[in-house]
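Shown next, in structure tokens, is the structure this report addresses.
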Amino acid sequence: MATSSTTHRTPGGFGPPDQPEEQKLRKQRLLDAAAAGLLRWGYRKTTLDDVAREASVGKGAIYLYWKDKHDLFRAAIWRANQQAIEDLKQRIATDPEGGLPHRLWTHGLLAVLANPLVAAMIKGQPDLFQD
């Protein structure tokens with residue numbers, strides 16, 4: 001039920017960069033809610049109704065940005081990975097020894113563990129991805 005104006009330039013489903021601020025915020029709330037659902041109940045038990053309710057939007061709003069549950073959750077995971085990468089870059093940049101191998105390793109682990117969804121993926125949380 002996606003509209004023809006829906007453009008997915010990245011796996012994160014962020015589309016064109018010139019979206020109104022309200023749409024960007026709604027997408028962020030939906031991605032936050034999808035990530036929370038994955039962590040709380042896993043893929044199988046989290047419904048689009050749960051995500052919409054958590055994000056305080058109608059279920060139809062999800063279909064403005066993503067074609068289905070799988071697409072939404074993939075976007076939430078992609079975004080979590082991007083957030084962890086940005087966190088890692090920032091940690092390295094602020095550490096005078098950030099480029100040294102042992103510091104890269106430390107910063108990488110800290111960035112992963114600081115993001116709950118990425119940490120759950122790394123730890124192999126059961127039911128996170130199972131249909």
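Whether a residue is part of a helix (DSSP H, G or I) and over 14 Å from the mean Cα position of the chain (by Cα) was assessed, and Arg40 passes this test.
When Gly108, Gly98, Gly60 are checked against the criterion of being out of contact with any Gly (no Cβ under 9 Å at 6 or more places or on another chain), part of a helix (DSSP H, G or I) and either buried (at least 16 other Cβ atoms within 10 Å of the Cβ) or among the charged types (D, E, K, R) (or both), Gly108 stands alone in meeting it. Picking from residues in the stretch 8-37 that are in a loop (DSSP other than H, G, I, E, B) and surrounded by 13 or more Cβ atoms within 10 Å (Cβ to Cβ), the one that is modelled with the lowest pLDDT is His8. Looking at this structure, is Ala33 free of Cβ contacts under 8 Å to residues at least 40 places away in the same chain, in contact with a helix residue (DSSP H, G or I) (Cβ under 8 Å, 6 or more places away or on another chain) and under 20 Å from Leu113 (Cα atoms)? When the stated conditions are applied, Ala33 passes them.
Checked against the criterion of being within 27 Å of Asp127 (Cβ to Cβ) and either touching a helix residue (DSSP H, G or I) at 6+ places or on another chain (Cβ under 7 Å) or modelled with pLDDT under 95 (or both), the stretch 91-101 has no qualifying residue.
Search the stretch 70-95 for residues being surrounded by 13 or more Cβ atoms within 10 Å (Cβ to Cβ) and among the acidic types (Asp, Glu), and hand back the single one that is farthest from the chain's Cα centre (by Cα). Checked the stretch 70-95; the qualifying residue farthest from the chain's Cα centre (by Cα) is Asp95.
The values are calculated or read from the model by the stated rules, or taken from the named source; none is laboratory data. These numbers come from a predicted model, not from an experiment. In this analysis, Cβ positions are derived from the backbone assuming ideal geometry, glycine residues included, and neighbour counts consider all displayed protein chains.
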